[in-house]
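**Student:** Quick one: the structure is below, and I'll ask about it shortly.
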Amino acid sequence: MKLETKRLKSFLLDAGLIDEKTLAGAEKKVTKGKDLSDILVTEGKISEDDLARMQGYILGLPFVNLENEKIPEDILRIIPEPIARTHNIIAYKKTGNNLEVAMLDPQDLETIEFIKKTSNLKILSRLTSKKSIKNALSQYRRSLEAEFGDIIKKDSKDVILSTPITAVPAGGEGDTPEDLEKTAQELPIVRIVDTLLQHAIVERASDIHIEPLEKEVIVRYRIDGILRDAMVLPKQVAMGIIARIKVLSSLKLDEHRLPQDGRFKIESNEYKISFRVSILPVSEGEKAVMRLLIENSKSFTLETLGFFGDGLEKIHKAIKKPVGMLLATGPTGSGKTTTLYTILDILNTPEVNISTIEDPIEYRMPRVNQTQVRPDIGFTFADGLRSLVRQDPDIIMVGEIRDNETASLAINASLTGHLVVSTLHTNSAAGALPRLLDMKVEPFLIASTVNVIIGQRLVRRLWKSKKPYKLTKSGIEELRKEVDLDRVLEAMKKNNIVKKEADWATIDFYKPEPAAESLDGYHDRIGIHEVLEVTESIKQMIISNATSDAIEKRAKEEGMMTMLEDGIIKAVQGITTIEEILRVTTE
């Protein structure tokens with residue numbers, strides 16, 4: 001449900017939730033796909049709860065917050081899970097013949113009437129927020145998992161009885177394409193694969209691994225950066241599952257000896273997800289890994305990614321410059337691409353032309369010209385970059401600088417009047433500089449083009465239930481061996497994260513507490529970062545071929561917080577734990 005813009009502005013100003021200057025700035029960013037309320041929530045100018053409460057006030061409906069509510073299963077299931085997900089409506093309280101339902105659009109009278117008829121209850125509508133709906137929907141998960149298990153067992157038996165599949169020896173040929181396609185289209189195999197995909201979406205998995213072993217097939221999901229066993233399937237279904245995934249991805253069914261890469265998409269009223277598929281021959285057959293990419297996810301902000309303080313200011317300063325380079329560094333899966341997309345989203349205004357060259361295109365962005373690398377036909381990053389500079393771009397994103405040629409072209413593009421953003425695989429921000437030197441880029445060119453280098457990792461966030469504790473004296477000394485605690489404490493006092501009189505003996509840290517919605521006490525991930533600004537002194541060090549350690553030391557003297565230090569601050573804020581920080585930063 002969307003409020004009329006004129007009415008929304010009037011209520012925001014009358015309620016004192018926002019001032020006229022901020023409102024005018026947000027109005028300039030209104031596009032076809034984003035209205036004023038979307039922009040205000042995305043930029044953190046107003047919370048979803050405040051917006052929902054205001055809608056409720058205007059419509060004369062009570063607002064209910066279900067973010068921390070555990071809904072009894074018998075009440076939750078009055079509304080079937082598909083209806084709840086499709087229409088964002090949750091049954092949460094029943095009193096006599098009255099059923100209270102929380103929803104995002106109380107004007108969806110058709111759904112209310114349907115629930116009234118099927119439940120034979122009087123429906124009392126309440127307004128709620130997206131976070132509340134999300135929390136309530138996650139409570140369908142447990143019974144959903146049990147349901148999936150039953151489907152897998154039944155359909156696996158059907159496959160074994162009705163479709164004996166020829167085992168393929170390593171490097172062998174196996175069944176004909178016609179046999180494999182027939183198997184891939186059979187109902188039990190289709191249901192098993194659909195179930196695996198649906199389960200992964202519900203579990204918020206970022207990757208699905210389907211791994212054939214000697215006597216069984218293991219399915220694992222990567223959730224919040226950690227691989228976890230999800231299901232064990234009979235070996236007999238392995239070929240059928242791989243064939244089904246190949247059909248969905250338009251890959252060659254009869255190719256079992258070479259790796260293949262493909263892509264397919266699943267769309268519903270609730271989500272639009274692309275699956276990036278990689279098939280690899282292994283000793284027991286073929287392994288499939290699918291990366292889940294949510295295409296219509298809400299835009300991030302640098303703040304929600306975990307940037308704050310001086311680091312955040314340095315990034316904003318760098319992206320306001322019309323020329324130069326900004327680099328995001330870190331290992332695979334550390335969120336580099338998400339950081340670049342977030343920066344592009346900030347820069348994406350009608351006044352500029354943004355072009356990208358990527359492998360693969362992970363998220364579709366409106367008004368951005370995105371080009372896919374195709375090495376199989378000889379279209380590389382370097383080829384794409386040569387073409388992009390002839391497309392009159394203001395801003396160029398290069399998915400990754402992998403070789404000397406791409407590095408040289410990216411540097412030249414930034415020298416000739418473009419802002420270039422890209423990624424490098426290095427362990428730290430300072431490590432990007434010797435990496436560029438290894439690619440035969442002249443030191444004086446690095447010094448004159450690179451504005452800022454971001455180093456990052458992803459850590460798991462603590463769930464709502466968490467237990468505070470204080471470090472012992474020995475614990476403080478152990479932590480002091482890993483990080484300069486005096487420096488971290490000074491930074492926290494500067495940013496008002498702790499009181500001026502605080503010391504490490506009085507500061508709270510937190511431990512995860514398992515809950516029904518989060519069995520390990522963690523949910524989702526956030527970045528820890530270091531932002532290295534290439535100042536005049538660091539430019540001189542680059543030109544004189546200083547080591548990455550010397551450059552990092554100098555950057556710290558100029559105020560840079562390292563990833564480990566940033567992580568300790570987030571641990572004090574209750575966002576994550578010390579153990580999680582050390583897990584991702586200890587090499």
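The values are calculated or read from the model by the stated rules, or taken from the named source; none is laboratory data. Keep in mind the model is a prediction, meaning the values are calculated, not measured. A quick note on method: Cβ atoms are made from the backbone with ideal geometry, for glycine too, and the neighbour counts reach across all protein chains shown. Only protein heavy atoms, including side chains, enter the accessible area calculation; ligands, DNA and RNA are left aside. Shrake-Rupley method; radii C 1.70, N 1.55, O 1.52, S 1.80 Å.
**Student:** Every residue in segment 206-264 that is touching a His at 6+ places or on another chain (Cβ under 8 Å) and free of Cβ contacts under 8 Å to residues at least 60 places away in the same chain, please.
**Tutor:** I218, V219, R220, Y221, R222, L227, A230 - these are the residues of segment 206-264 that are touching a His at 6+ places or on another chain (Cβ under 8 Å) and free of Cβ contacts under 8 Å to residues at least 60 places away in the same chain.
**Student:** Here is a follow-up. Those residues that are over 19 Å from D549 (Cβ atoms), open to solvent by less than 50 Å² (accessible area, probe 1.4 Å) and not in a strand (DSSP E or B), I need them from segment 434-474; list them, please.
**Tutor:** M439, V441, L445, T449, W463, S465, L471, listed by residue number.
**Student:** Only one of D376, D392, D359 is farther than 29 Å from D207 by Cα, in the same structural domain as L564 (by the TED database), open to solvent by 50 Å² or more (accessible area, probe 1.4 Å) and of a type outside the set (G, A, S); which?
**Tutor:** None of the other options fit; the residue is D392.
**Student:** Find the residue count for segment 232-255, including only residues that are in a helix (DSSP H, G or I) and not hydrophobic (A, V, I, L, M, F, W, C).
**Tutor:** Matching residues across segment 232-255 total 5.
**Student:** Enumerate the helices (runs of 4 or more DSSP H) found wholly within segment 475-574, keeping only those where 2 or more residues are outside the structural domain of A447 (by the TED database), at negative phi and open to solvent by 40 Å² or more (accessible area, probe 1.4 Å).
**Tutor:** Passing ranges: none, list empty.
**Student:** Kindly establish whether A205 is open to solvent by less than 30 Å² (accessible area, probe 1.4 Å), modelled with pLDDT under 85 and within 18 Å of S249 (Cβ to Cβ).
**Tutor:** no
Conditions (1) under 14 Å from L458 (Cβ atoms); (2) out of contact with any helix residue (DSSP H, G or I) (no Cβ under 7 Å at 6 or more places or on another chain); (3) modelled with pLDDT of 95 or more, marked per residue:
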position	(1), (2), (3)
I294	no, yes, no
S297	no, yes, no
H316	no, yes, yes
L327	no, no, yes
S355	no, no, yes
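Here's the yes/no breakdown for (1) among the small types (G, A, S); (2) under 14 Å from the mean Cα position of the chain (by Cα):
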site	(1), (2)
T301	no, yes
F308	no, no
G311	yes, no
T339	no, yes
P350	no, no
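**Student:** Just to be sure I understand, how many residues within segment 452-484 are in contact (Cβ under 8 Å) with a residue 24 or more places away in the chain and more than 17 Å from H529 (Cα to Cα)?
**Tutor:** Going through segment 452-484, the residues in contact (Cβ under 8 Å) with a residue 24 or more places away in the chain turn out to be 452-471, 473, 476, 479, 482-484.
Within this subset, residues satisfying the condition of being more than 17 Å from H529 (Cα to Cα) are 462-471, 473, 476, 479.
Matching residues across segment 452-484 total 13.
**Student:** Provide a single number: the residues in segment 325-356 that are touching a Leu at 6+ places or on another chain (Cβ under 6 Å) and farther than 18 Å from L302 by Cβ.
**Tutor:** Here the count works out to 1.
**Student:** Looking at E303, E313, which one is open to solvent by 60 Å² or more (accessible area, probe 1.4 Å), touching a residue at least 12 places away in the same chain (Cβ under 8 Å) and in a helix (DSSP H, G or I)? Can you show your working first?
**Tutor:** Details: E313 fails: touching a residue at least 12 places away in the same chain (Cβ under 8 Å).
E303 is the lone residue from the list that is open to solvent by 60 Å² or more (accessible area, probe 1.4 Å), touching a residue at least 12 places away in the same chain (Cβ under 8 Å) and in a helix (DSSP H, G or I).
**Student:** Could you figure out which of (1) open to solvent by 10 Å² or more (accessible area, probe 1.4 Å); (2) outside any loop (DSSP other than H, G, I, E, B); (3) in contact (Cβ under 8 Å) with a residue 12 or more places away in the chain isn't true of I411?
**Tutor:** Among (1) open to solvent by 10 Å² or more (accessible area, probe 1.4 Å); (2) outside any loop (DSSP other than H, G, I, E, B); (3) in contact (Cβ under 8 Å) with a residue 12 or more places away in the chain, I411 violates only (1).
**Student:** Just one of (1) of a type in the set (K, R); (2) assigned to a loop (DSSP other than H, G, I, E, B); (3) buried (at least 17 other Cβ atoms within 10 Å of the Cβ) trips up R263, so point out which.
**Tutor:** Condition not satisfied by R263: (2).
**Student:** Pick out the one residue from L66, L23, L13, L61 that is of a type outside the set (V, I, T), at pLDDT 75 or above, more than 25 Å from K134 (Cβ to Cβ) and open to solvent by less than 60 Å² (accessible area, probe 1.4 Å).
**Tutor:** Selected residue: L23, the only one of L66, L23, L13, L61 that is of a type outside the set (V, I, T), at pLDDT 75 or above, more than 25 Å from K134 (Cβ to Cβ) and open to solvent by less than 60 Å² (accessible area, probe 1.4 Å).
**Student:** Output the residues belonging to segment 345-377 that are farther than 21 Å from A413 by Cβ and assigned to a loop (DSSP other than H, G, I, E, B).
**Tutor:** P350, P360, E362, Y363, R364, P366
**Student:** Could you please find all residues in segment 524-551 being out of contact with any helix residue (DSSP H, G or I) (no Cβ under 9 Å at 6 or more places or on another chain) and either small (G, A, S) or under 22 Å from T332 (Cα atoms) (or both)?
**Tutor:** The answer is D524, R525.
Let's see how each residue does on (1) touching a helix residue (DSSP H, G or I) at 6+ places or on another chain (Cβ under 8 Å); (2) hydrophobic (A, V, I, L, M, F, W, C); (3) assigned by the TED database to the domain that holds A515:
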site: N88; (1), (2), (3): yes, no, no
site: K93; (1), (2), (3): yes, no, no
site: G96; (1), (2), (3): no, no, no
site: L99; (1), (2), (3): yes, yes, no
site: T111; (1), (2), (3): yes, no, no
site: S132; (1), (2), (3): no, no, no
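**Student:** Does E530 qualify as being acidic (D, E) and under 29 Å from the mean Cα position of the chain (by Cα)?
**Tutor:** Spelling it out, E530 is indeed acidic (D, E) and under 29 Å from the mean Cα position of the chain (by Cα).
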